[in-house]
Every structure is written in structure tokens, then in C-alpha cells.
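The values are calculated or read from the model by the stated rules, or taken from the named source; none is laboratory data. A quick note: this is a predicted structure, and the numbers were derived from the prediction, not measured. Neighbour counts run over all protein chains shown; Cβ positions are idealised from the backbone, glycine included. Surface areas here come from the heavy atoms of the whole protein model, side chains and all, with no ligands, DNA or RNA. Shrake-Rupley method; radii C 1.70, N 1.55, O 1.52, S 1.80 Å.
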Amino acid sequence: MTRAPNISRQTRSVLAALLAQPQAWRYGYDLSKETGLKSGTLYPLLIRLSDQGLLEAEWRQPLQPGRPPRHAYRLTDTGAALARERVGGEVFASATPARARLA
């Protein structure tokens, strides 16, 4: 029987934040504010999760003219299943519906 790989505290925090609305597209900046992770930790983690097929990533056009496009992320079905398995009920108290989220 193989053992599931360990998931770091930082990865669990990102998965928990994304699991709050698994179908919503989220910007890295919003995830950084919600999880408290610095960009040097967060973005390599997002890239790794995307490379593993746990996140979808795409360029999103800005809502305001003149702003650059930004990367947005959301869980794949596999990523959502892993997040439910590994983080379960972990929810961030700071996560509120008023947070800027992409639909």
C-alpha cells in the first residue's frame, strides 16, 4: 500500500482557500492576501499545483481598460477531490463573500 505524499502547511492553506469556492477563478494577489503567503512562496506553489493537474490557470483580461491581463487559478476536479481529502473542513475566518472573487 502506497502512502499519500505529505502536503505542506502552505499548500493546505492555498487548497483550503480555493476549496471555499472551487469553481471560482481566483487571482494570486487575492490568494496571497487571504492566506498570508508571500509571492515568493505562493506563485511557485501555484505553478507546481498547476503542473500536477490540480489547478487550472489562464490569463484573464482586465475589467478596467489599460490594465494588464492577469493569471487566474481554480481547482480542477482532481484538485478539488484532493483538497476535500487533505484539508477537509479547514476554512479561513478571513474568507468572506465580500472578498473580490472571479465568477
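Against the condition touching a strand residue (DSSP E or B) at 6+ places or on another chain (Cβ under 9 Å) and either of a type in the set (A, V, I, L, M, F, W, C) or on the phi > 0 side of the Ramachandran plot (or both), how does residue 18 come out, does it pass? So residue 18 fits the description; yes. Residue under question is residue 41, and the condition is that it be open to solvent by less than 40 Å² (accessible area, probe 1.4 Å), under 13 Å from the mean Cα position of the chain (by Cα) and of a type in the set (S, T, N, Q); does it hold? No: the conditions fail for residue 41.
The residues in segment 8-18 that are open to solvent by 30 Å² or more (accessible area, probe 1.4 Å) and not basic (Lys, Arg) can be counted, and the count is 2. Within segment 53-80, the residues that satisfy the criterion of being in contact (Cβ under 8 Å) with a residue 24 or more places away in the chain and not aliphatic (A, V, I, L, M) are 53, 58, 60, 70, 71, 73, 74, 78, 79. For segment 61-80, filtering for residues that are surrounded by 13 or more Cβ atoms within 10 Å (Cβ to Cβ) and more than 15 Å from residue 13 (Cα to Cα) leaves 4.
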